Amino acid sequence: SSFCLVTSILADSDSFQDIVVKIERSAYRKPFLGGFKNMVTGVEFHNAGSQTVPKKQPDKGIQLFCRDTQTVFEKNKPQQTRNTTSTQMTKIGVYVSNVTDKLITPGKYLTADEYHKRRLEAVIVLQKYFRRWLAKNIVQNLREQKRRRLVWEAQEVLRRKEEKEEKLRREHEGRLNPKTKTDFELLYNALELWRQEETKQINTTLEGAIRKAALCGLLEEEAQLIASIGRHKLNADEENQQKAILHFLAKCAQPKRWRAYDGRVTEMDTQYTLRARELLEIYRSICMNDIPKDERIDVLLTLRRTVKEHECKLTQEIVELIDREVDLMSRGVKECNLKGLRKRICTLFLQYVKTPKFNPEIARILKVPPDPLKLYKNVNFCHSCENYLPSSEFPVPANSYTIGRCRLCCKLGNEALQREAFVKYKLILENLRKSEADYEDGANIVFVVQHQDLQYMVEYIWNSQSAISACTDLYELVMVRWDKQRQWSPWNTILLTKDEADAHLKLCNLEKAYEAPFLQKIKRKHIWAKKYFARIPAMSSFLPRSDNQAKAN
C-alpha cells in the first residue's frame, strides 16, 4: 500500500513551494543492523538502514540453484600415527637381544573353496542347533496346549455333569414342592406318563372283570394325585401372590436413578418414593406372623395414624378393623381366631396403597390406563370361559387363522386332557430369541413363531435330534442360523447342540465345511419347512420374493 504526503520546501530566500511526496509502505521488514540503548532514559536507537525495497531479479526462464546447496563440505582428518617407531636388527657393532622374540612358522595354505566350505559347515552346525531349539519349543507348546485342552475337557465334563445333576435336582425339587407354572406343567406331564404306563401294563396283563377293577382303582388313584397337586397349587399361588405384591410395592418405592456422563449412577428420593417406602414397611409389618403382642399393637397404631391422614370410607373401615383387633387382643383372643381379621386388614390396606390418591408413586406402575376408552381397544372374546380379555392373553400360533381360547383355558385344557410339557420347546425358543436379538439386524420372524410352531419343526422336520451328532437331549439342543449372513427363518435354521452351534457360527464357507450329502439333507429340510409355513398368511410376507411370485402364479 502507498500514501501521499504534501510538504513545503524553501524555493528562494523568501518563498516556499508545496510538493507531493509519494511514500510506499512495503511488507518488507527492515533488518536489524544493531544500535544502542540510553541507559538513563531507556530509549533504543537503531542504526539506520536503507528503506529501499530490494530490487527483484527479472525471470530469465532458467532454473537457478543456490550456490550453498552445490558446495561440498570437505573435512580433512589425518590418519597417520602420531608416534613414529622404528625397528633395529642385529648387525656389526649393534647387538639386539632375541629373548622376547617369537618364532612364527607359516601354516597350511587355505584356498578360497576350503575357507567357504568350512564356513558352510559351521553354518550348518549352527542351523542344526537352532532348529533343535525351535523344535523343542514347538513340542513344548504343543504339550502345553494338550495339557490345557485335557484340563478344559475335564472341566467341561465336570460342568456338564454338575449341570445335569442340578437339573435333575431342580426337577426332583419341583415335583416334591412345585411353585412355578413350569413345575406344575412337568408334574402333570409325569402324571400322564405314569397313567399311560399303568394302563398299558393293566391291559397287557389282566382281562375281564379284574382288568376293569384295576382300571377303576387306577382312576381313583389318579384323582387323588390330581387333588394333591391342586392343594400344592393353591399354596404355591398364595405364596407367589404375596411375593408378587411385595415386589410390586418394592418397585414403587425405588429411588429415581440416572447415569451420568462418567458412568456413575445417581439416586434421588422424592416425596412420593419416600411415601411409597413408608407404606411398604407398614405393609410388611402387618403381614408378619408370630410377633409379640406389644409389637403387633405398635404396628396397628402406626397403621391407624397413617390411614387417618385421609378421611374416606376405605380408611374408616380400616380404622374400625384395627380397633376391633386391638380390642380382641386385649380380651385375650387366640391368634388362630384372628387370622381372618388380619387378612382382611392386609387386603384393605393393600387397596389403600394401590390408590394413587394416597400413594401418588403407584400411578406410574399401575397397568390400568387413565382413559377408560382404551380398555375397549384390542379386546377379544374367549369362547371357552366367555370372558372379554386383552389380545395379549390369547396365544396365537403362526398357523392360526382365528383367535381361539385364552391362555388360561388352554392351560386348563392341557392339564385335563393332553398334559403335554412345552418347557423344552419354550427354552429353545427363548435361547433363539436372545441370540437373534444380539445380531441387531431387525429380525422379526423369530418373534412371530410360537412354541407350538417350534415344536412341529423340532419333532417332525428335525426328528428331535441334532443334525450332526444325532443328540436327542432337548435341553442340550439349540436352533441357530444356517447362513449367519441372513435373518433366521424356518428355512434358514439348523438344530444342533450348544458346542456344535458355536463351531457352526464360526464357519465362513458352508460348502467347503460340509459334504455334499449333508448339504442336500439340510436343503430338503428347509424346503419342507418353507412349504409348511407358506400356507400360513402371517408367514407369507417373510418368504423370498421369488417364492411369493411362484405361489401367486
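The values are calculated or read from the model by the stated rules, or taken from the named source; none is laboratory data. Quick caveat: nothing in here was measured; it's all calculated off a predicted structure. With ideal geometry, Cβ positions are generated from the backbone for all residues, glycine too; neighbour counts draw on all protein chains shown. Quick note on the areas: whole protein, heavy atoms, side chains included, nothing else; ligands and nucleic acids left out. Shrake-Rupley method; radii C 1.70, N 1.55, O 1.52, S 1.80 Å.
The residue that is most open to solvent (accessible area, probe 1.4 Å), among those in the stretch 323-336 that are under 16 Å from Ile291 (Cα atoms) and out of contact with any helix residue (DSSP H, G or I) (no Cβ under 8 Å at 6 or more places or on another chain), is Lys334. Of the set (1) polar (S, T, N, Q); (2) in contact with a helix residue (DSSP H, G or I) (Cβ under 9 Å, 6 or more places away or on another chain); (3) at pLDDT 90 or above, all apply to Ser489 but (3).
Suppose the filter is more than 14 Å from Ile322 (Cα to Cα) and either touching a Cys at 6+ places or on another chain (Cβ under 9 Å) or modelled with pLDDT of 90 or more (or both); does Ala276 pass it? Criteria met by Ala276.
On the basis of being surrounded by fewer than 13 Cβ atoms within 10 Å (Cβ to Cβ) and closer than 30 Å to Leu176 by Cβ, does Arg231 make the cut? So Arg231 fits the description; yes. Being part of a helix (DSSP H, G or I), open to solvent by less than 60 Å² (accessible area, probe 1.4 Å) and modelled with pLDDT of 90 or more is the requirement here; does Ala190 meet it? Considered against the rule, which asks whether it is part of a helix (DSSP H, G or I), open to solvent by less than 60 Å² (accessible area, probe 1.4 Å) and modelled with pLDDT of 90 or more, Ala190 comes out as no. Every condition in (1) at pLDDT 85 or above; (2) part of a helix (DSSP H, G or I); (3) open to solvent by 50 Å² or more (accessible area, probe 1.4 Å) holds for Tyr425 except the one numbered (3). Considering (1) touching a residue at least 12 places away in the same chain (Cβ under 8 Å); (2) outside any strand (DSSP E or B); (3) of a type in the set (Asp, Glu), the lone condition that Asp262 does not fulfil carries the number (1). Taken over the stretch 171-185, the criterion of being assigned to a helix (DSSP H, G or I), closer than 18 Å to Asn240 by Cα and open to solvent by less than 80 Å² (accessible area, probe 1.4 Å) is satisfied by Gly174, Thr182, Asp183, Phe184, Glu185. Figure legend. Inter-residue proximity from the stretch 271-283: first residues assigned by the TED database to the domain that holds Leu348, second residues small (Gly, Ala, Ser) and surrounded by fewer than 14 Cβ atoms within 10 Å (Cβ to Cβ), beta-carbon distance below 8 Å, spacing 6+ or different chains. Indicated pairs: Leu280/Ala250.
Taking the numbered list (1) modelled with pLDDT of 90 or more; (2) among the small types (Gly, Ala, Ser); (3) within 23 Å of Gln418 (Cα to Cα) in turn, Ala213 passes all entries but (3). Considering the stretch 261-279 alone, what residues qualify as being open to solvent by less than 40 Å² (accessible area, probe 1.4 Å) and farther than 23 Å from Leu348 by Cα? Once the filter is applied, which keeps residues that are open to solvent by less than 40 Å² (accessible area, probe 1.4 Å) and farther than 23 Å from Leu348 by Cα, the stretch 261-279 yields Gly263, Thr270.
Scanning the stretch 490-503 for residues that are outside any helix (DSSP H, G or I) and more than 14 Å from Ser435 (Cβ to Cβ), we see that the one that is least open to solvent (accessible area, probe 1.4 Å) is Pro490.
Matching residues to (1) surrounded by 12 or more Cβ atoms within 10 Å (Cβ to Cβ); (2) not in a loop (DSSP other than H, G, I, E, B):
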{"residue": "Ile468", "(1), (2)": "yes, no"}
{"residue": "Trp488", "(1), (2)": "yes, no"}
{"residue": "Cys508", "(1), (2)": "no, no"}
{"residue": "Glu511", "(1), (2)": "no, yes"}
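Quick check: is even one residue across the stretch 211-227 within 30 Å of Cys346 (Cβ to Cβ), open to solvent by less than 90 Å² (accessible area, probe 1.4 Å) and out of contact with any Asp or Glu (no Cβ under 8 Å at 6 or more places or on another chain)? Checked against the condition, which is being within 30 Å of Cys346 (Cβ to Cβ), open to solvent by less than 90 Å² (accessible area, probe 1.4 Å) and out of contact with any Asp or Glu (no Cβ under 8 Å at 6 or more places or on another chain), the stretch 211-227 yields at least one hit.
All conditions in (1) outside any helix (DSSP H, G or I); (2) surrounded by 12 or more Cβ atoms within 10 Å (Cβ to Cβ) hold for Ile282, with the sole exception of (1).
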